[in-house]
1. Find out how many positive minus negative residues lie around Gly58, taking Lys and Arg as positive, Asp and Glu as negative, among other residues whose Cβ is under 13 Å from that of Gly58.
2. Using a simple charge model, +1 on the beta-carbon of Lys and Arg, -1 on the beta-carbon of Asp and Glu, nothing else, what dipole does the chain show about its Cα centre, in debye to the nearest 20?
3. State the antiparallel share, in %, of DSSP beta bridges confined to the chain, rounding to the nearest 5.
4. For the stretch 1-43, state which chymotrypsin sites (Phe, Trp or Tyr not before Pro) are in a DSSP loop and have at most 12 other beta carbons lying within 10 Å of their beta carbon.
5. Compute the relative contact order of the stretch 15-257 as a whole-number percentage, counting only Cα pairs closer than 8 Å that sit 6 or more residues apart in sequence.
6. Report the label-to-label distance for Ser120 and Ala258 in nanometres (one decimal), using points 7 Å from each Cα along the Cα→Cβ vector.
7. Test of understanding: in a Gaussian network model of the chain with alpha carbons linked when under 10 Å, which of Met369, Met135, Met236 would top the mean-square fluctuation ranking?
8. How much accessible area per residue does the chain have, in Å², with a 1.4 Å probe?
Amino acid sequence: MAPPFLPYGRQTIEDDDIAAVAAALRDDLLTTGPRVEAFEMAFADAVGAEHAVACANGTAALHLTMLALGVREGDVCIVPSTTFLATANCVRYVGAEVVFADVDPDSGLMRPDDLAQALSEAGPKSVAAVLPVHMRGDVADLPAIASLAESAGAVVVEDACHALGSALRHEGADALVGSGRWSSASTFSFHPVKTIATGEGGMITTPDAGLAERLRRLRSHGMVRPPGGDPWWYEMAEPGFNYRLPDILCALGQAQLAKLPRFAAARRALLARYLEALASLAPAVRPAASPPNSQATPHLMCVLIDFPALGVTRREAMEALKARGVGSQVHYIPVHSQPYYQARYGEKRLPGAEAWYDRTLSLPLYPGMDMADVDRVVSALGEVLGLA
Ligand SMILES: *Cc1c(COP(=O)(O)O)cnc(C)c1O
């Protein structure tokens, strides 16, 4: 019998996760109930944040953050080109413009020099926010990014959708992603391929109580019920959205979050095995580089391959891997090259993002895998690239 197919990422749902959802379904409140705050408190605790605000998904988390920070038309935000579409699109949702920054061709992360270059391109325009992405779970150089952003009068919003459980080593201590040490807010996603899953789901963490309050208001139509008001009374000072996360999914999120230490350890162990096994395919295949001081909980297992030199196209390699039961994916097509952004901002060359894109391939990585799965993936990769 053929071994089971290994997708590039997938959720790990266990009996207690299912029991938590079943219990939530028997409650009176399926949404806006007590499980929302319980999940938020547990999440804030897990990442060392002051405040956590649950929402519908990671994209809504980014959108709400832009709204709550007051980013608007006339503003500019800096976004690395190597990311998922949502990091850039949230800037457009509020009418601001994106300046794309380049990334390190070997790690996929925006470096301080890339940010400095993008800031100089933005010129005299008002830069409202800088959105570093902790690509693959590796943490960007936040102290340097925050100091550049501050000089430009911009705030930092971390797109931490890949980086739940990651940390940055700084002056001998580890600062967890989401703690807000160098940023105004961090956003997370609970899409099934992410480190914990609720199907759809998101979270924003922030050290700023006022921002958290505004995020909560905007998450639910901009409505407030002033204390002491009539029982039916609510007021709206600015229009918000329905970006709530239901209690059913908060129950799942809390059950998943309790497993974060185990999931993170499994991901780190699998990464370590990959690094060992991939040595046999060097230098034609190299793992993505990790920036110094990044203490990753790895989200994606990206390798860099010089396809033309091997005489195999990426498409051929992916199809041959699939035939061997191994899923793979490409993270990411540079966002600046999307038709919408090209039409809006013209042709732009970002050599780091393009060089990353040309070579990258994401191999299976999720806690349900074991070491033999890693060995199977690496030997299949060697075969399809003609290196075995
Ligand atoms: C997954 C992801 C998002 C969007 O999250 P959704 O929950 O799918 O809306 C945003 N940014 C990055 C980097 C992501 O990986």
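1. On the way: positive: Lys194; negative: Glu158, Asp159, Glu200.
Taking every other residue near Gly58 into account, the sum is -2.
2. Values: 32 positive and 44 negative charges, 110 e Å.
Around 520 debye, computed over the chain.
3. Close to 60 percent.
4. Values: sites: Phe5, Tyr8, Phe39, Phe43; in loops: Phe5, Tyr8.
Filter output for the stretch 1-43: Phe5.
5. Working: 533 pairs, mean separation 65.3, N = 243.
So the answer I get is 27 percent.
6. My value for the distance between the label points is 5.3 nm.
7. Judging by the Gaussian network model, the answer is Met236.
8. Values: 16470 Å² over 388 residues.
Result: 42 Å² of accessible area for each residue.
The values are calculated or read from the model by the stated rules, or taken from the named source; none is laboratory data. Predicted model, so just to flag it, every value in this text is computed and none were measured. Because the Cβ atoms are built from the backbone with ideal geometry, glycine has one as well, and the counts that use them run over all protein chains shown. What goes into the accessible areas is simple: the full protein's heavy atoms, side chains included, and nothing from ligands, DNA or RNA. Shrake-Rupley method; radii C 1.70, N 1.55, O 1.52, S 1.80 Å.
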